[in-house]
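Just so it is clear, none of the values below were taken in a lab; they were calculated from the coordinates. None of these values were measured; they are calculated from a predicted model. When we count neighbours, we look across all protein chains shown, and the Cβ atoms used for this are built from the backbone with ideal geometry, even at glycine.
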């Protein structure tokens with residue numbers, strides 16, 4: 001039986017972990033804040049598209065060091081924020097044959113993991129999903145759910161294909177893609193404008209932002225495309241138009257950064273904007289709009305801490 | 001006796017109006033929100049640098065149409081915000097020999113007044129002052145106070161020199177300058193970064209902004225210099241360095257836009273940023289940082305209205 005350890009069992013981790021259980025894997029979780037509730041009662045997953053189910057993990061742990069057995073896959077599903085050491089978080093549970101999968105936002109977040117675990121397979125994952133933790137152990141899945149997985153620096157290994165297959169068996173759309181790094185930049189095209197603009201506007205949903213400042217949104221998107229191309233990951237020519245059209249068609253949507261902001265949680269400013277900006281500086285790409293938005297987010301964060 | 005009508009007798013209007021009374025002019029005021037208080041008790045001006053005095057205007061009016069007599073000068077001291085029709089506000093009191101003086105923030109705010117009153121002298125004024133209305137009829141002058149006055153499109157008329165002289169007699173530093181439009185761009189160099197950044201950061205004082213995001217501040221300042229130069233008003237080469245040094249030396253300071261924001265008052269986004277941006281577009285100057293900050297202010301305002 002395939003053994004999976006989910007580390008960071010918030011909304012994303014619990015949702016995808018529960019799907020792997022459905023597909024027959026043995027899934028354990030490390031979850032710190034909701035430990036007591038989950039240990040006693042497991043998770044309730046309330047998926048508007050798929051239905052409602054109970055998820056009872058094989059082991060519920062406070063720390064990865066407490067994990068008994070060898071994980072075929074570690075699924076790292078925390079946010080990527082300064083102060084949270086992703087390597088230290090998973091290290092105690094990484095065995096020789098463990099594939100390290102991270103389902104996380106941001107660009108250029110891979111190297112750290114590859115450097116820390118040079119002898120393990122690293123699988124980079126992207127989730128296109130809207131789901132929230134509404135109370136301890138209770139996850140609501142509102143919409144979407146698609147996953148993309150791929151190896152680093154590129155390619156699709158046997159274990160990546162196997163994991164994909166498990167997800168697909170569970171009823172979610174999962175694609176193994178040859179160039180997951182390009183996929184990260186592609187996702188960043190949407191995240192880089194809408195996440196910070198929703199926060200800096202003081203809480204506007206995506207549709208209001210787009211309807212009144214489409215040109216700023218497009219300028220930021222173009223800058224992300226420029227960085228991606230300079231780093232060897234040219235994005236499709238029509239990607240901006242597609243993102244714009246798609247966002248007009250979405251119901252008004254609160255971004256993940258806005259939700260974090262409203263709940264006084266750390267935001268993924270560095271993973272999404274800071275890393276993109278540092279790549280631009282390294283590659284000599286001019287990104288004045290992105291630069292301004294990043295600087296303003298840093299000011300906003302400074303004020304929040306103050 | 002020189003007759004002056006101050007229109008928009010908030011902090012700035014009451015302060016400068018009271019100084020002209022000290023210098024021997026007959027000063028009346030149009031003040032709407034604090035009318036009852038001012039009609040009965042006049043103003044109390046509490047100036048930390050100069051002292052405390054009472055200012056009892058010759059006429060206290062609700063509307064310019066109620067003014068009896070002919071004003072040698074109309075001093076327009078309102079904010080420049082959409083929805084406030086500056087021309088309509090003063091028109092009923094403009095006589096043949098009235099010089100129209102506006103002591104207001106922003107760039108490219110002159111043409112509207114020149115077009116509306118082609119046969120009157122128009123004097124453009126800039127105040128470098130920190131003063132606030134703390135309660136109805138009570139003005140606190142905290143620091144600075146310098147005035148610059150000049151004619152449009154440039155030059156110094158007899159009446160401008162006379163008004164300057166009056167202000168100087170009253171104990172405030174007032175300079176008549178040959179090119180007041182350049183002076184406006186020069187003031188915008190400071191206003192364009194610090195005003196919106198203080199609001200978009202959620203309320204940081206100038207020093208925090210400068211200490212953490214000096215490069216964004218400099219980029220916006222440079223763009224203002226570029227627009228000014230393209231519009232024929234080249235600013236001194238060292239103006240950015242001087243502004244940066246000066247701001248480091250200032251005590252932590254809340255900008256006027258931040259005060260408006262905190263008091264839920266309309267902000268001078270259009271007068272300061274919108275007009276600068278429209279000038280850039282007209283003149284073909286690239287100003288991506290300014291553009292981003294302006295767009296974010298518009299989103300912030302949209303959220304505030306919503």
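The table below lists the values:
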| item | result |
| --- | --- |
| Contact order normalised by residue count of chain B, Cα under 8 Å, 6+ apart, percent | 15 |
| Highest-fluctuation residue, B:277, B:19, B:142 considered, GNM on chain B with Cα pairs under 10 Å | B:142 |
| Cα long-axis angle, helix A:239-249 against chain A (0 to 90 degrees, to the nearest 10) | 80 |
| Translational D in µm²/s for chain B (Stokes-Einstein at 25 °C, 0.890 mPa s, Kirkwood Rh from C-alpha pairs) | 124 |
| Estimated [θ] at 222 nm from DSSP helical runs (n ≥ 4, -39500 (n - 2.57)) normalised by residues in chain B, nearest 500 | -13500 deg cm²/dmol |
| Inter-label distance, nm, simple model (7 Å from Cα along the C-beta direction), residue A:134/residue A:248 | 3.3 |
| Residue order, fewest to most surrounding Cβ atoms within 10 angstrom, among A:226, B:237 | B:237, A:226 |
| C-alpha long axis of helix A:206-230 to longest principal axis of chain A, angle in ° | 80 |
| Principal semi-axes in Å for the range A:97-139 [√(5λ), Cα gyration tensor, largest first] | 26, 13, 9 |
| Global form of the protein assembly as shown, assessed from the alpha-carbon gyration tensor, a/c cut-off 1.5 | prolate |
| Fewest-first sequence of B:300, A:282, B:218 by Cβ atoms within 10 Å of each Cβ | A:282, B:218, B:300 |
| Relative contact order (percent, whole number), the range A:182-305, Cα cutoff 8 Å, 6+ residue spacing | 36 |
| D (Stokes-Einstein, µm²/s), Kirkwood Cα radius, the range B:3-178, 1.567 mPa s at 4 °C | 81 |
| Teacher prompt: residue B:203 distances to equivalent labels in other copies, 7 Å Cα→Cβ, nm | 1.4 |
| Within a Gaussian network of chain A (alpha carbon springs, distance under 10 Å), most fluctuating of A:201, A:170, A:18 | A:201 |
| Antiparallel DSSP beta bridges within chain A, percent to nearest 5 | 40 |
| Computed E for residue A:85/residue A:234 - FRET, C-beta separation, R0 45 angstrom, nearest 0.05 | 0.85 |
| FRET E, pair residue A:50, residue B:112, Förster distance 60 Å, beta-carbon r, rounded to 0.05 | 0.50 |
| Calculated label separations, residue B:24, copies of the chain, 7 Å along the beta-carbon direction, nm | 10.3 |
| Among B:16, B:73, B:261: highest mean-square fluctuation, GNM of chain B, C-alpha pairs under 10 Å | B:261 |
| Distances in nm from residue A:49 to the matching label points in the other copies, shortest first (labels 7 Å along Cα to Cβ) | 6.4 |
| Residue order, fewest to most surrounding Cβ atoms within 10 angstrom, among A:30, A:217, A:224 | A:217, A:30, A:224 |
| Angle between chain A longest axis and helix A:180-200 axis [Cα atoms, degrees, rounded to 10] | 60 |
